[in-house]
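Below: one structure, written as structure tokens.
Values in this text are rule-based calculations from the coordinates and carry no lab data. This is a predicted model, so every value here is computed, not measured. Heads up, the Cβs are rebuilt from the backbone with ideal geometry, glycines too, and the neighbour counts pull from every protein chain shown.
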Amino acid sequence: LFLSLGALGAPANVIMLAVQGIFRGFKDTKTPVLFIGLGNLSAVVLLPLLIYGFKLGITGAAISTVASQYIIAILLMWSLSKRAVLLPPKMDQIEFGGYLKSGGMLLGRTLSILLTMTIGTSMAARQGPTAMAAHQICLQVWLAVSLLADALAVSAQALIASSYAILDYKRVQKVAMFALQIGLASGLALAVGLYISFGSIAKLFTNDPQVLAVVSSCALFVCASQPVNALTFIFDGLHYGVSDFDYVAQATIVVGVISSLVLLYAPRVFGLAGVWAGLTTLMGLRMAAGILRLLWKSGPWSFLHEEPAETKLQAQPFAS
């Protein structure tokens with residue numbers, strides 16, 4: 001019932017995601033955060049009112065969720081209309097080819113990650129209810145903390161895209177290196193902070209001693225992978241900034257296949273630790289793919305391997 005009613009919010013959700021992308025292109029990350037916060041606040045108000053006040057139960061939860069999605073979409077569209085003229089496009093001006101190509105590749109990337117994560121959850125469920133509960137706690141903490149680095153990736157993507165479009169490669173290089181340095185530093189800080197507080201965070205989810213014991217056995221994977229996760233998100237942002245969608249998608253699909261194989265076999269030997277070894281493999285290989293692309297002497301990052309014009313002039317022999 002919840003999913004059936006929640007599906008009514010799909011159009012608003014798609015609009016919300018699309019308009020967020022437009023605001024990123026404007027280098028405006030404040031407006032989406034403000035309106036999404038207001039929408040979520042409306043959900044917080046509506047949830048108890050509809051569930052308990054009007055005795056609607058699950059139906060009330062679905063209605064409040066859908067209502068908040070439409071509130072966010074309407075607010076974002078209203079704000080966008082103040083910055084741009086929103087008119088129906090002419091069919092001959094719509095570049096469907098490029099849009100569908102980029103969108104299709106990114107869809108393949110997303111499906112690859114989701115499939116790999118689903119396999120991980122499936123293998124965790126086969127370890128028993130205690131292991132599954134512990135896995136869900138670790139996964140929620142892992143994803144929530146890792147996504148903090150996504151803000152850095154979004155900023156880097158917007159800055160790099162604007163500089164790359166005008167062929168300002170020096171600025172692209174500076175932004176990329178700075179983003180990677182900040183990403184590594186933030187990842188290390190998150191790892192240390194999470195390791196110190198992980199026990200307390202886990203108790204927010206459950207007081208079951210058996211579940212907490214299993215959670216503690218996976219804490220090292222969750223904490224130690226944070227620098228890798230942060231750099232992975234940063235590399236994705238860098239490659240999106242130069243419109244290298246094909247490479248990111250193809251690399252992620254290959255990485256997903258390899259990681260899925262690890263997830264299918266490692267848990268049979270190492271239990272839940274094997275599941276987390278597979279998830280860490282997923283992020284580690286994605287990071288490695290990001291590094292590899294920067295090392296290529298062809299492609300959108302080829303300018304990193306070109307000698308500066310001044311160096312080339314100095315290296316030329318004098319004519320006799």
Please give the per residue volume of the convex hull enclosing the alpha carbon atoms of the chain, rounded to a whole number of Å³. 189 Å³
Please list the helices of the chain that count as membrane-span-like by this rule: a mean Kyte-Doolittle hydropathy of at least 0.5 together with Cα atoms stretching 27 Å or more along the helix axis, each helix being a complete DSSP H run. 30-48, 58-81, 96-125, 169-203, 245-270, 272-295
Each label sits 7 Å from Cα toward the beta-carbon; between Ser298 and Ser81 the label points are separated, in nm, by 4.9 nm
Hey, rough spin-label estimate for Leu1 and Lys90, points 7 angstrom out along Cα→Cβ, what's it come to in nanometres? 5.2 nm
At R0 = 35 Å, FRET efficiency that the Cβ-Cβ distance of Thr29 and Leu107 yields, to 0.05: 0.90
Count, lysine Cα pairs under 25 Å in the chain, 8 or more residues apart or across chains: 14
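Note the full-extension length gain between Ala288 and Ile253 as 0.36 nm times their separation in residues minus their Cα-Cα distance, in nm to one decimal.
The span from Ala288 to Ile253 would gain 11.2 nm if fully extended.
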For Leu49 and Arg171 in the same chain, what is the full-extension length gain: residue separation times 0.36 nm, less their Cα-Cα distance, in nm? 38.8 nm
Please report the projected area of the range 219-305's Cα convex hull averaged over all directions, in nm². 5.7 nm²
Would you kindly state how much longer the chain becomes between Leu220 and Asn40 on full extension, computed as 0.36 nm times their sequence separation minus their alpha carbon distance, in nm to one decimal? 61.5 nm
